[in-house]
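Student: One structure, as structure tokens, below. Some questions next.
The values are calculated or read from the model by the stated rules, or taken from the named source; none is laboratory data. The structure presented is a predicted model; accordingly, all values stated were derived computationally and were not measured. As a convention, Cβ positions derive from the backbone with ideal geometry for all residues, glycine included, and neighbour counts pool all protein chains shown. Please note that ligands, DNA and RNA were not included when accessible areas were found on the heavy atoms of the full protein model with its side chains. Shrake-Rupley method; radii C 1.70, N 1.55, O 1.52, S 1.80 Å.
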Amino acid sequence: MSRQRGAYVGHTFYERIDYQAALKYGEPEEDTLLWWQKQSDEACHEAFSGKARPDVVARALRHFIATHCAKPRVPWGNGAVFDIALLESWFDRVDPQKDDQGNDRYPWSFWDVADLRTLVRLSRMDVRAITFAGEKHHALDDALHQVKIAHAAWQRLFPDDGKSYASVIEYQLAQCKRALTALGLLPPVPFFNERGMHSPGQHPHAVNLRNDAHEKSD
């Protein structure tokens, strides 16, 4: 691993796709092209002057992830429903693959997808305090900047990796409390009153839907 730009960064992947070849797989949105016209000449040149075929890049990216990323492979998106969803849609178009059950196959499992925005929110950090290095909207520079943000947010949430706690459980409970507080879920809101709480021997699925509601059980 090499230390780069304030965070630990391993191997990186960067390719520039041929714009005309990419049009074979779909048309760009007009708003996206207008947005690019407002960006720097350097960023536009990097984005639109590539020579690599999309299908070749897709297979190379799959191989890169399989070679350099340990399992579980956790892709971080900013946010997960945007970056990762776009990548999966891109794979479906340029290099569609299926598993033995006929499901779409990506370099990661859907349950491992993570969201950088959630991590930042839990840490309560101001991302504007993280200095950007490189050219904005250059794909690799943007990705490395998000690595810096993720590293800073993680360090804020777990400043000493649990070394000051008496046990792993105590450390994990402390982090859960911090996360719930950041989400506005602490102090806890009581979901049940005394009528809704069951004692040993009562049906375990009996719940009180509201303070004055009828009890319901299955």
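Student: Quick one: pull the percent of accessible area on region 1-98 belonging to carbon and sulfur, 1.4 Å probe, ligands and nucleic acids left out. Mind showing how you got there, number by number?
Tutor: Values: 3580 of 6710 Å².
In region 1-98, the share of accessible area belonging to carbon and sulfur is 53 percent.
Student: About the Cα centre, and with charges only on the beta carbon of Lys, Arg (+1) and Asp, Glu (-1), how big is the dipole of region 1-115? Nearest 20 debye, please. Walk me through the numbers before you get to the answer.
Tutor: Values: 14 positive and 19 negative charges, 123 e Å.
Using Cβ point charges on Lys, Arg, Asp and Glu, region 1-115 gives about 600 debye.
Student: Between their Cα atoms, which of Lys24/Lys98; Lys98/Lys148; Lys71/Lys98; Lys51/Lys98 are more than 25 Å away from each other? If you can, show how the numbers build up before the last one.
Tutor: Details: Lys24/Lys98 21 Å; Lys98/Lys148 34 Å; Lys71/Lys98 20 Å; Lys51/Lys98 28 Å.
Long pairs (Cα-Cα over 25 Å): Lys98/Lys148; Lys51/Lys98.
Student: Separate question: Contour minus end-to-end for Gln101 and Lys51, with contour as 0.36 nm per residue of separation and end-to-end as the Cα-Cα distance? Show your work: numbers first, answer last.
Tutor: On the way: separation 50, 0.36 × 50 = 18.00 nm, distance 3.51 nm.
The span from Gln101 to Lys51 would gain 14.5 nm if fully extended.
Student: Same structure again: Based solely on C-alpha atoms, express the radius of gyration and the Dmax of region 1-115 in angstrom.
Tutor: Final numbers for Rg and Dmax: 15.7, 46 Å.
Student: Can you give me the Kirkwood hydrodynamic radius for region 47-149, using every pair of distinct Cα atoms, in Å to one decimal? Walk me through the numbers before you get to the answer.
Tutor: Details: mean 1/r = 0.0649 Å⁻¹.
Result for region 47-149 stands at 15.4 Å.
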